[in-house]
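The values are calculated or read from the model by the stated rules, or taken from the named source; none is laboratory data. Just so you know, these numbers come straight off a predicted model, no measurement behind them. Cβ atoms come from the backbone with ideal geometry, glycine included; neighbour counts cover every protein chain shown.
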């Protein structure tokens, strides 16, 4: 048994710290992006609005920053995913 830790012993701890650092930075970025998203909600002049495009940026970033889905929300998410292609089709019809 060695009295000092080797780099192989430290790798999991280093990886956890790195993941926590990235997650913390993404949460900071998410705060600013959510503020931008809310601001864009006031600029809806045409469809699809910039607000909807901003949400397309906020959702993936939120998932990478550690946003969790709860089981009770799954039906709403499924309905939204099913509805979205038809809503986009309707928005772009002449």
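Some notes on this structure:
- Scan of the stretch 48-87 for residues that are over 30 Å from residue 22 (Cα atoms) and either loosely packed, with under 12 Cβ neighbours inside 10 Å or within 18 Å of the chain's Cα centre (by Cα) (or both), ordered by number: 75, 79, 82, 83, 84, 85, 86
- Within the stretch 74-94, residues that are farther than 15 Å from residue 47 by Cβ reach partners that are not in a helix (DSSP H, G or I) with beta carbons closer than 9 Å, at six or more positions or on different chains, in the pairs 77/69.
- Residue check, residue 59 touching a helix residue (DSSP H, G or I) at 6+ places or on another chain (Cβ under 8 Å), on the phi < 0 side of the Ramachandran plot and at pLDDT 75 or above: no
- Criterion: farther than 21 Å from residue 92 by Cβ, in a loop (DSSP other than H, G, I, E, B) and in contact with a helix residue (DSSP H, G or I) (Cβ under 8 Å, 6 or more places away or on another chain) - qualifying residue of 36, 69: 69
- Filter result for residue 30 (touching a residue at least 24 places away in the same chain (Cβ under 8 Å) and out of contact with any helix residue (DSSP H, G or I) (no Cβ under 9 Å at 6 or more places or on another chain)): no
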